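Worksheet for the structure shown next.
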Amino acid sequence: MGMKISIYAAMAVLLTLSSCSQEGPSGARISGDGNRIYFRSYLPTVSQTRAGVISQETLTECRVTSINPNDNNHPATGEMTPYFSDISFQKDGEGNFLPEDEESCMWPDTGSRLHFFAYYPSAEKMQENINEGKFNLANHSEKTEDGTPLLDYRLEKFQVAPDIADHVDFIAAYANGTGKDNGESGIQLDFSHRLARIEIGVWGDNDKYDFEIAGVRIGNALTEGDFCFSSLMSAEHAGEWLATSQSAVEHIYAEGESTVLLSKDSGNHTSKEYAASIMGASGTAMVIPMAEKIEAWEGKDDPDIENPDYSTNKLYFSVLLRVTNREDGTVVYPYPNDHDSIPTVYLTVGEDGKVSKRVYLIDDEYYTANQKDDELKFTETEKVHAFCWASIPVGAKWEAGKIYTYKLNYSYGIGWHDPYGPFPGEPIIERGMIPFEVEVENWLPAEDYHPNLDVPKR
């Protein structure tokens, strides 16, 4: 089912508070009597495929900003300051959400209509794995020359982390109300997920090759933009992303993660019903939804051009893999004796398939850091597995609050060279296809997208 969170806010007469921008009479009473702001939440059970997905148990805080267009302190024209801004409400033992500082903001009067914009996690939490200057809350609300209020409240420079393991869930909601209408009954906020979740799995019964997989990349996803809370005020409650930009997000398996093996001999993952996730410990990717479809990357315009200046803003997946010949066990990709021209990742992998560390090849020797230092030399070369990227074109229009599960079929092909490698778009080893299907799980059902996309032959 679709994931929504219902929150009830009980408010009444305004107090003088450090966390509020307004003044009012004193005499606040305890929460629950129609005077003090507090929240209650309900969250339906949904599929939890990664730790970062918000659930009833993990929803312990929400942040709320309120704007009062009728505030007399606003000038006739110009910027409107929030009634209160980015207040943290924490869940208590009874499941109610109370202000962290144990104070409260009250209704200015029984007739003034307040507008509430809420979200979770906090901007500070989302900044933890991101460069400075991101996740800035900005109020651009103003009154026009005729006094009409235009509410415009945003979370600017929202950025999706480069490593999929650091991706976070993001929910937001809008509601409005007055003390007269809602002081006793409370205000309900319906939260919804504002990102798209992408899951990638693999299967196959290739007669010629076995595959060992150690990472995944989503190329040219939407990874930065401004989220406009005010757009949630529309009848569709759509939530608009503005000024979006693209980049790649990826996850390379780290210590303790197990590589994924596709082998016809093993009998594992040989049908789409038993596809194996290749997201590793990251679980799923969470990226900014698309207002318009991003077309599938088509490879080079001319495969005969050598080392072109190449770039693309089209969409693709890349899989970090190692391909061996089933007949004699030789590694055919990465290409033998050709680890210099194609970007290669070296991981130490035990007999149980678990990764222990990443190493680096310098002058035919391995080191535990990307520098040539005898103290960093790694000598257990038999444990080192070399992996290279192999890409699959995919076109998509990913929507907020929906899970897109891709299942790549490696029964017939290996893929193309990555768009930013030395041979972008050229087939790896031989001309072949990697067909795949897409399943969409609820949060909400996705419509109008093509579920069957194949790598075209050259």
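The values are calculated or read from the model by the stated rules, or taken from the named source; none is laboratory data. On a predicted model such as this, the values are computed, not experimentally measured, just so you know. Reconstructed Cβ throughout: ideal geometry from the backbone, glycine too, with neighbour counts over all protein chains shown.
At a glance:
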read-out	value
Among residues of segment 417-454, those that are closer than 22 Å to Lys264 by Cα and either modelled with pLDDT of 85 or more or hydrophobic (A, V, I, L, M, F, W, C) (or both), counted	5
Residue among Asn313, Asn325 that is surrounded by fewer than 19 Cβ atoms within 10 Å (Cβ to Cβ), under 30 Å from Val53 (Cβ atoms), in the same structural domain as Ile429 (by TED's automatic domain parsing) and not basic (Lys, Arg)	Asn313
Strands (runs of 3 or more DSSP E) contained in segment 143-196 and holding at least 2 residues more than 21 Å from Cys228 (Cβ to Cβ) and at pLDDT 90 or above	none
Test result for Met233, touching a helix residue (DSSP H, G or I) at 6+ places or on another chain (Cβ under 8 Å), touching a residue at least 24 places away in the same chain (Cβ under 8 Å) and farther than 17 Å from Trp398 by Cα	no
Top-ranked residue of segment 90-142 - restricted to ones that are at pLDDT below 85 and hydrophobic (A, V, I, L, M, F, W, C), ranked as farthest from Ala165 (Cα to Cα)	Trp107
Failed criterion for Tyr412 (all others in (1) more than 30 Å from Tyr366 (Cβ to Cβ); (2) part of a loop (DSSP other than H, G, I, E, B); (3) touching a strand residue (DSSP E or B) at 6+ places or on another chain (Cβ under 9 Å) hold)	(3)
Count - residues of segment 197-241 that are closer than 22 Å to Pro121 by Cα and in a loop (DSSP other than H, G, I, E, B)	3
Sole residue being polar (S, T, N, Q) and assigned by TED's automatic domain parsing to the domain that holds Pro289, chosen from Asn182, Asn206, Asn176	Asn206
Neighbours by Cβ (under 6 Å, 6+ apart or cross-chain): first from segment 365-390, in the same structural domain as Ile213 (by TED's automatic domain parsing); second loosely packed, with under 14 Cβ neighbours inside 10 Å	Tyr367/Lys377; Leu376/Ala369
Residues located in segment 242-258, provided they are out of contact with any helix residue (DSSP H, G or I) (no Cβ under 9 Å at 6 or more places or on another chain) and either β-branched (Val, Ile, Thr) or assigned to a strand (DSSP E or B) (or both)	Ala243, Thr244, Ser245, Gln246, Ser247, Ala248
First in segment 116-134 and more than 16 Å from Phe227 (Cβ to Cβ), second anywhere and part of a helix (DSSP H, G or I), Cβ under 7 Å, 6 or more apart	Asn129/Asp166
Residue list for segment 233-251, filter: more than 13 Å from Ile164 (Cβ to Cβ) and buried (at least 21 other Cβ atoms within 10 Å of the Cβ)	Gly239, Trp241
Count of segment 366-383 residues which are in a strand (DSSP E or B) and exposed (fewer than 15 other Cβ atoms within 10 Å of the Cβ)	1
Criterion: among the small types (Gly, Ala, Ser), at positive phi and not assigned by TED's automatic domain parsing to the domain that holds Thr368 - qualifying residue of Gly239, Gly280, Gly256	Gly239
Ser230 vs. criteria closer than 24 Å to Ser318 by Cβ, of a type in the set (Ser, Thr, Tyr) and surrounded by 17 or more Cβ atoms within 10 Å (Cβ to Cβ)	no
Flag for Glu426 being farther than 23 Å from Tyr209 by Cβ and assigned by TED's automatic domain parsing to the domain that holds Thr284	no
